[in-house]
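**Q** Below you'll find the structure I mean.
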Amino acid sequence: MKRIALGVQYDGTAFNGYQKQPDRNTVQDRLEIALEKFARVELGTTCAGRTDTGVHALEQVVHFDTDLSRGMQSWVRGVNAFLPDAIAVRWATEVPEHPGQEFHARFAAFARTYHYVLYNNPIRSPLLVGRAGWVFRPLDVDLMRAAAQFLVGTHDFSAFRSSQCQAKSPVKQMHAVNIERHGEVIVFTLRASAFLHHMVRNLIGSLIYVGQGRHTPAWMKDVLEGRDRNDAAPTFMPDGLYLAKIDYDPKWGLPHEAARPLPWF
């Protein structure tokens, strides 16, 4: 049996999240349907991290096991032939075995990066619906950057955790939070060991509160240390959220693509 890893990109607008559901309108369902049509055998997949309804991925990583002999480009082109336009396999590779270790898309990952793209203009843009969040009030990027620094490090992120979160521990290591303004577009980039359910969207909502002047940057520290979800801002819209990159040990030889917040940005 060979273990194959795929890099998958998708626009999550039309799907009910990544994970399989009875209605079969999820990214995983569509991917596995396409795999079965190409391989003519059912192939179960495991992903690096599930995304919610409306959330996109520049590079989701999945793996599956098979005894079929196919060239890597055959997996890419063959599976893509059966996928909807909103999903594409960008690369495929056979993952080598290492003594006492086996590649796992989820458990072998040591960091994840998300981008959140936010349109900050008094008037909404129809061209960005589903692809960027929107805030019509002016935002102070310097205030948000000051607040974001309180998030860096190892913390209990219970204040930004969904009540439906199934993670065993709320303690995660936030490696970096960067915020850049490009005209009317603000791009938040968050890199952490892992993220809780709705954690990024809850953090973005709270950073926006600070950017609007509703709270000082130090408020973010108080919310974080208080560990009470009721103290933070409401969960922000999913539209501008992109799973950008999953980090693995180079020994696995995955052909990562350099991912920007938007392909045309």
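The values are calculated or read from the model by the stated rules, or taken from the named source; none is laboratory data. Everything quoted here is computed from the prediction, not taken from an experiment. In this analysis, Cβ positions are derived from the backbone assuming ideal geometry, glycine residues included, and neighbour counts consider all displayed protein chains. Side chains included, ligands, DNA and RNA excluded: accessible areas come from the protein's heavy atoms. Shrake-Rupley method; radii C 1.70, N 1.55, O 1.52, S 1.80 Å.
**Q** Over the stretch 131-178, what is the relative contact order in whole percent, taking alpha-carbon pairs under 8 Å and six or more residues apart?
**A** Once normalised by length, the contact order is 41 percent.
**Q** Round to the nearest 10 and give me the degree value, 0 to 90, for the angle of helix 217-226's Cα axis relative to the longest principal axis of the chain.
**A** Result, in degrees: 60.
**Q** Now for a different question. Residues of the chain: accessible area per residue at 1.4 Å, in Å²?
**A** Averaged over the residues of the chain, the accessible area is 48 Å².
**Q** Give me the Å³ per residue figure for the convex hull around the C-alpha atoms of the stretch 52-173.
**A** 194 Å³
**Q** Please find the FRET efficiency linking Asp156 to Ala39, where r is the Cβ-Cβ separation and R0 is fixed at 45 Å, and quote it to the nearest 0.05.
**A** Efficiency, rounded to the nearest 0.05: 0.55.
**Q** Residue separation times 0.36 nm, minus the C-alpha to C-alpha distance between Lys221 and Lys2: what's the value?
**A** Taking 0.36 nm per residue and subtracting the Cα distance, the gain is 74.1 nm.
**Q** Considering the convex hull of the alpha carbon atoms of the stretch 148-232, report its projected area averaged over all viewing directions, in nm², one decimal.
**A** Seen from a random direction, the Cα hull of the stretch 148-232 projects 5.4 nm² on average.
**Q** Which of Ile4, Phe188, Ile246 sits farthest toward the positive end of the charge dipole of the chain, with +1 on the Cβ of Lys and Arg and -1 on the Cβ of Asp and Glu?
**A** Phe188
**Q** Right, next: What list of ³J(HN,Hα) couplings, whole Hz, do you get for the stretch 129-136 from phi and the Karplus terms 6.51, -1.76, 1.60, once you set θ to phi - 60° and write x for glycine and proline?
**A** Couplings: 4, x, 10, 8, x, 9, 10, 8 Hz.
**Q** Measure nothing but the geometry: give the 0 to 90° angle between the long axis through the Cα atoms of 199-211 and the longest principal axis through the Cα atoms of the chain, rounded to 10°.
**A** Once rounded, one gets 30 degrees.
**Q** Something else about it: Could you check the simple spin-label distance between Ala86 and Phe136, using points 7 Å along Cα→Cβ, in nm with one decimal?
**A** In this crude label model, Ala86 to Phe136 measures out at 2.6 nm.
**Q** For the chain, what's the relative contact order in percent, using C-alpha pairs closer than 8 Å and at least 6 residues apart?
**A** 23 percent
**Q** Write out the chymotrypsin sites (Phe, Trp or Tyr not before Pro) in the stretch 130-162 meeting two conditions: DSSP loop, and at most 15 other Cβ atoms within 10 Å of their Cβ.
**A** Answer in residue order: Phe136.
**Q** Now for a separate question. Using only the alpha carbon atoms of the stretch 1-107, find the Kirkwood hydrodynamic radius as the inverse mean reciprocal pair distance, in angstroms to one decimal.
**A** Evaluated over the stretch 1-107, this radius sits at 13.9 Å.
**Q** Net charge within 14 Å of Gly12 by Cβ-Cβ distance, Lys/Arg positive one each and Asp/Glu negative one each, not counting Gly12 itself?
**A** -2
**Q** On to the next question. For the stretch 179-226, take the convex hull of the Cα atoms, compute a quarter of its surface area, and give me that in nm², please.
**A** 4.1 nm²
**Q** Rounded to the nearest 500 deg cm²/dmol, what is the calculated helix-only ellipticity per residue at 222 nm for the chain, with -39500 (n - 2.57) per DSSP H run of length n ≥ 4?
**A** After summing the helix terms and dividing by the residues of the chain, the value is -6000 deg cm²/dmol.
**Q** What FRET efficiency, computed as 1/(1 + (r/R0)^6) with R0 = 51 Å and r the Cβ-Cβ distance, is obtained for Ala167 and Gln73, rounded to the nearest 0.05?
**A** Step by step, r from the Cβ atoms, then E = 0.90.
**Q** Now for a separate question. How much of the accessible area of the chain, in percent, comes from carbon and sulfur atoms when a 1.4 Å probe is used?
**A** Answer for the chain: carbon and sulfur cover 49 percent of the accessible area.
**Q** Here is a further query. With +1 on each Lys and Arg Cβ and -1 on each Asp and Glu Cβ, how big is the dipole of the chain about its Cα centre, in debye rounded to the nearest 20?
**A** With only Lys, Arg, Asp and Glu charged at Cβ, the dipole is about 140 debye.
**Q** Computed over the Cα atoms of the stretch 109-174, what is the ratio Rg over Rh, Rh following Kirkwood?
**A** Radius of gyration over Kirkwood radius for the stretch 109-174 works out to 1.05.
**Q** Can you give the relative contact order of the stretch 1-155 as a percent, counting alpha carbon pairs under 8 Å and 6+ residues apart?
**A** It comes to 26 percent, rounded to a whole number.
**Q** Check cross-link reach from Lys251 to the lysines: straight Cα distance under 18 Å, and skip same-chain residues fewer than eight apart.
**A** Here the lysines satisfying the reach criterion relative to Lys251 are Lys2.
**Q** Something else about it: Once you have all Cα-Cα distances for the chain, histogram them in 10 Å bins from zero and send the whole-percent values.
**A** So the P(r) values, bin by bin, are 7, 29, 33, 21, 8, 1.
**Q** Provide the FRET efficiency to the nearest 0.05 for the Gln101-Gln21 pair, computing r from the beta carbons and using R0 = 45 Å.
**A** With R0 = 45 Å, the Cβ-Cβ based efficiency is 0.90.
**Q** Using the Kirkwood formula over every pair of different C-alpha atoms, what hydrodynamic radius in Å results for the stretch 111-265?
**A** Every distinct Cα pair counted, the radius reaches 16.0 Å.
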